[in-house]
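Some notes on the structure that comes next.
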Amino acid sequence: MIVVMQEGATEEQIQAVIRNLMDQGFDVHRSTGAIQTVLGGVGAKTEFDTRVVELMEGVQEVHPVVAPYKLASRHFRPEGTVVDLGRGVKVGGKQVVVMAGPCSVEGMQQMEAIADVVSKQGVRVMRGGAFKPRTSPYSFQGLGQKGLEIFRQVADRYNMLVVSEIMDQTQIPLMLEYADVLQVGARNMQNYNLLRELGKVSKPVLLKRGIAATIEELLLSAEYIMSGGNYNVILCERGIRTFESYTRNTLDVSAIPVIQKLSHLPIIADPSHATGRRDKVLPMARAAVAAGADGILVEVHHDPDRALSDGPQALFPEQFERLMKQLRVIAEAVERSI
Ligand code: PEP
Ligand code: MN
């Protein structure tokens with residue numbers, strides 16, 4: 001249930017409603033906006049007479065939530081969520097945030113070369129995996145902690161933030177030490193133990209849509225994180241598996257406006273994993289920004305032919321430069337900036 005308090009409702013009135021909801025067995029999540037406070041009641045009874053709360057002082061409206069997710073629902077924060085990544089970078093506001101870098105951290109020289117390329121284009125958030133979920137156990141699995149150390153050093157030198165994938169909950173302390181944004185990959189979107197544990201941290205989580213997940217399932221996974229108290233969740237459309245085999249996956253561009261209607265969480269797009277081919281990355285990145293994405297997660301490599309993972313979908317430096325140039329124009333056309 002979502003309770004919208006009146007503009008100017010007093011703290012006492014808010015507390016009275018919170019107590020009432022808790023007495024009914026609800027877990028209460030509070031969102032204090034610039035103008036109004038919204039309370040989300042999670043759990044408790046299936047049937048509940050909303051008038052009990054509607055009639056309380058300071059209450060404007062009460063919505064029984066039919067969607068199975070509540071905290072991730074647009075009703076909970078009608079004005080939208082802006083996730084602060086640190087160092088002045090915010091996702092979900094006017095700015096379209098480009099997160100760029102290699103698929104995997106491969107070494108100091110490689111990270112330096114790529115950081116140089118992307119930071120010259122104004123990128124403030126660098127991507128790169130140290131723990132890699134590979135389809136084959138014989139493929140490169142990532143450099144682990146050593147990779148995170150390299151990544152942090154390079155990112156700091158270029159004043160960039162670090163987004164890197166976490167594969168299970170035992171890695172949380174290590175990831176918190178080195179990364180600014182913890183990425184949950186497509187394969188782990190429904191790793192509920194991991195999601196619950198990420199609900200207890202405060203760093204932003206970048207939650208990718210599973211390869212065969214519906215939008216509702218994605219939002220329910222976000223709900224797992226949020227119900228633990230971490231509201232800093234960024235969603236990512238990275239392509240889903242369809243019957244089409246030309247591209248690696250199919251970028252569900254329409255998921256962007258659909259999610260913006262259903263949820264207050266920022267939504268970004270990953271055109272690299274969606275297509276698996278660098279020649280299709282630019283058009284899909286353009287489409288995503290035109291569709292209203294709050295950011296782009298894109299793979300770039302200084303020497304893609306020698307990349308240890310996902311080389312064929314990594315952009316060459318010149319292509320990345322062209323992409324940024326084009327995205328700046330598109331962002332402006334949809335009243336955003338890059
Ligand atoms: C990645 O971003 O490197 C990755 C493995 O992505 P996904 O989980 O979308 O396949
Ligand atoms: Mn990759």
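Within region 1-21, the residues that satisfy the criterion of being farther than 13 Å from residue 52 by Cα and in a helix (DSSP H, G or I) are 11, 12, 13, 14, 15.
Mind checking which residues of region 271-288 are in contact (Cβ under 8 Å) with a residue 40 or more places away in the chain and either among the polar types (S, T, N, Q) or in contact with a strand residue (DSSP E or B) (Cβ under 9 Å, 6 or more places away or on another chain) (or both)? Talk me through it step by step, then tell me what you get.
Kept after step one, since they are in contact (Cβ under 8 Å) with a residue 40 or more places away in the chain, are these residues of region 271-288: 272-273, 278, 281-282, 285-286, 288.
The answer is 272, 273, 278, 281, 282, 285, 288.
Here are some residues: 162, 154. Which one is in a helix (DSSP H, G or I), out of contact with any Leu (no Cβ under 7 Å at 6 or more places or on another chain) and assigned by TED's automatic domain parsing to the domain that holds residue 89?
Only one candidate passes the filter, namely 154.
Scanning region 63-121 for residues that are within 16 Å of ligand 1 (Cβ to nearest atom) and free of Cβ contacts under 8 Å to residues at least 60 places away in the same chain returns 105, 111. Taken over region 272-319, the criterion of being under 23 Å from residue 131 (Cβ atoms) and β-branched (Val, Ile, Thr) is satisfied by 296, 298, 300.
The residues of region 122-165 that are basic (Lys, Arg), within 16 Å of ligand 2 (Cβ to nearest atom) and surrounded by fewer than 21 Cβ atoms within 10 Å (Cβ to Cβ) amount to a single one, 134. With respect to the conditions (1) farther than 18 Å from residue 140 by Cα; (2) within 16 Å of ligand 2 (Cβ to nearest atom); (3) of a type in the set (Asp, Glu), residue 318 lacks only one, and its number is (2).
If only one of 39, 55 is touching a residue at least 24 places away in the same chain (Cβ under 8 Å) and either in the same structural domain as residue 262 (by TED's automatic domain parsing) or on the phi < 0 side of the Ramachandran plot (or both), which one is it? Break it down stepwise before answering.
Working: 55 fails: touching a residue at least 24 places away in the same chain (Cβ under 8 Å).
Only one candidate qualifies: 39.
Considering (1) at positive phi; (2) buried (at least 22 other Cβ atoms within 10 Å of the Cβ); (3) more than 16 Å from ligand 1 (Cβ to nearest atom), the lone condition that residue 266 does not fulfil carries the number (1). Could you check how many residues of region 286-308 are away from ligand 2 (no atom under 15 Å from the Cβ), touching a helix residue (DSSP H, G or I) at 6+ places or on another chain (Cβ under 7 Å), of a type outside the set (Lys, Arg) and in a helix (DSSP H, G or I)? Matching residues across region 286-308 total 4. Here is a check on your reading of the model: is residue 241 touching a residue at least 40 places away in the same chain (Cβ under 8 Å) and of a type outside the set (Phe, Trp, Tyr)? Answer is no for this residue.
Condition check ((1) in contact with a strand residue (DSSP E or B) (Cβ under 7 Å, 6 or more places away or on another chain); (2) not small (Gly, Ala, Ser)) across all residues:
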{"position": "73", "(1), (2)": "yes, no"}
{"position": "87", "(1), (2)": "yes, yes"}
{"position": "103", "(1), (2)": "yes, yes"}
{"position": "123", "(1), (2)": "yes, yes"}
{"position": "129", "(1), (2)": "yes, no"}
{"position": "143", "(1), (2)": "no, yes"}
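Only one of the listed residues (230, 249, 188) is away from ligand 1 (no atom under 15 Å from the Cβ), closer than 26 Å to residue 126 by Cβ and at pLDDT 95 or above. That residue is 230.
Only a single criterion out of (1) out of contact with any Pro (no Cβ under 9 Å at 6 or more places or on another chain); (2) surrounded by fewer than 24 Cβ atoms within 10 Å (Cβ to Cβ); (3) closer than 16 Å to residue 272 by Cβ is not satisfied by residue 210, namely (3).
The values are calculated or read from the model by the stated rules, or taken from the named source; none is laboratory data. Because the structure is predicted, anything quoted here is derived from the model rather than measured. Every residue, glycine among them, receives a Cβ derived from its backbone with ideal geometry; neighbour counts consider all protein chains shown.
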